[in-house]
């Protein structure tokens, strides 16, 4: 049974006997720990030689001899000579120097754990004489910390602030690794209706979850009230995540929130998300581009109809393009959109697909053309959130779906 401990080796003498592959693997961590490393070996690998040439360690280019471990705090014995290994190990024992042996762990006074790091956390795993199992356990823990599936929130030295996190198109597995990790560390989560709701079930009980749609507006407009809530919780010293569907900067008003936070002096991190404009068609088997079919795709918002004075889209010019058109937030105005596109040059038989709640278990798809898609959407009761894809790529749907 080994007693685990973390050694603070900064400025301490560490002696490595042998300059082969074992030393090559172990030396970087010793150097990173700030140890004063002396390497004793008649030859070394090119990588170890490079460390010596860079001044990262002192290389005594010769075989081991008695006395090399004088004043050492820690030793790594890793030569191909059993007699030299035994002699160095005996010297370490005599001088009470903790010693790792690569050739015979049973005769060592210390074992090197399988180590990994993630976001300031060092994971060290020991499983006796089964290094492969140690590595497997280490990898599982580090991966969990890295992708947020293993919750280990910081409780000290956290900087209060806001993270604008794009949650992706709906499937909780499609959030980014960084986004999931920040969620696991949050004190407050202000979530949109279109965010990946299943992720909220994974939060710790103490995390305050606020539905952005239910923030009291009072004399404020909706977005202004959300901005104020972000600022208020961050100023209270909390770590805040603004969880948004898709990507914060794709029709998500994320820039408005970032600007409000900057004006208030609140640190803000933007975590891009997988946008539904690409991922939802992909989940339905539709490529937004395809060789010989479409060399471009345009993403437009359908929240205001063509002809509305608030619209910033040049619909006549869009109709004359030959690539794919992806419309977000366009279900309620698809009739006007289809009519405008055909009036300005898009053929009425252009294929169209509407995908509701893409990437989720409730995903539905309805196909038609510009001539009849509005009727098809109405008859099939397609409702928001839905992504509408217009163009010949719709016919290139994968046949295995």
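The table below gives the values:
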quantity: Some residue of region 331-352 being within 23 Å of residue 195 (Cα to Cα) and touching a helix residue (DSSP H, G or I) at 6+ places or on another chain (Cβ under 6 Å); calculated: no
quantity: Among the residues listed as 32, 2, 52, the single one being touching a residue at least 24 places away in the same chain (Cβ under 8 Å) and either surrounded by 17 or more Cβ atoms within 10 Å (Cβ to Cβ) or under 24 Å from residue 134 (Cα atoms) (or both); calculated: 2
quantity: Test: residue in region 335-349 that is surrounded by fewer than 16 Cβ atoms within 10 Å (Cβ to Cβ) and either touching a strand residue (DSSP E or B) at 6+ places or on another chain (Cβ under 6 Å) or within 29 Å of residue 203 (Cα to Cα) (or both); calculated: yes
quantity: Residue match in region 65-72 (condition: assigned to a loop (DSSP other than H, G, I, E, B), under 44 Å from the mean Cα position of the chain (by Cα) and outside the structural domain of residue 8 (by TED's automatic domain parsing)); calculated: no
quantity: Considering residues of region 364-374 that are in contact with a helix residue (DSSP H, G or I) (Cβ under 7 Å, 6 or more places away or on another chain) and not in a strand (DSSP E or B) only, the residue surrounded by the fewest Cβ atoms within 10 Å (Cβ to Cβ); calculated: 374
quantity: Filter result for the condition that a residue is touching a helix residue (DSSP H, G or I) at 6+ places or on another chain (Cβ under 8 Å) and either under 30 Å from residue 184 (Cβ atoms) or surrounded by fewer than 17 Cβ atoms within 10 Å (Cβ to Cβ) (or both), over 67, 80; calculated: 67
quantity: Wholly within region 233-328, strands (runs of 3 or more DSSP E) carrying at least 3 residues that are free of Cβ contacts under 8 Å to residues at least 60 places away in the same chain; calculated: 297-301
quantity: Count - residues of region 191-208 that are outside any loop (DSSP other than H, G, I, E, B) and farther than 20 Å from residue 247 by Cα; calculated: 3
quantity: Count of residues meeting criterion [surrounded by 12 or more Cβ atoms within 10 Å (Cβ to Cβ) and either within 17 Å of residue 254 (Cβ to Cβ) or touching a residue at least 40 places away in the same chain (Cβ under 8 Å) (or both)] in region 217-228; calculated: 7
quantity: Leading residue by the ranking (surrounded by the fewest Cβ atoms within 10 Å (Cβ to Cβ)) among those in region 174-216 that are in contact (Cβ under 8 Å) with a residue 40 or more places away in the chain and over 25 Å from residue 279 (Cα atoms); calculated: 204
quantity: Test result for residue 108, crowded, with 17+ Cβ neighbours inside 10 Å, at pLDDT below 90, in the same structural domain as residue 31 (by TED's automatic domain parsing) and under 16 Å from residue 26 (Cβ atoms); calculated: yes
quantity: Residue check for residue 316: surrounded by fewer than 21 Cβ atoms within 10 Å (Cβ to Cβ), under 36 Å from the mean Cα position of the chain (by Cα) and at pLDDT 95 or above; calculated: no
quantity: Top-ranked residue in region 375-401 [being in contact (Cβ under 8 Å) with a residue 12 or more places away in the chain and more than 26 Å from residue 291 (Cβ to Cβ); ranked as surrounded by the fewest Cβ atoms within 10 Å (Cβ to Cβ)]; calculated: 383
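Per-residue answers, yes or no, for (1) part of a loop (DSSP other than H, G, I, E, B); (2) touching a helix residue (DSSP H, G or I) at 6+ places or on another chain (Cβ under 7 Å); (3) within 20 Å of residue 10 (Cα to Cα):
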position: 50; (1), (2), (3): no, no, no
position: 76; (1), (2), (3): no, yes, yes
position: 89; (1), (2), (3): no, yes, no
position: 100; (1), (2), (3): no, no, yes
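The values are calculated or read from the model by the stated rules, or taken from the named source; none is laboratory data. Just so you know, these numbers come straight off a predicted model, no measurement behind them. Quick reminder, even Gly has a Cβ in these numbers, built from the backbone with ideal geometry, and neighbours come from all protein chains shown.
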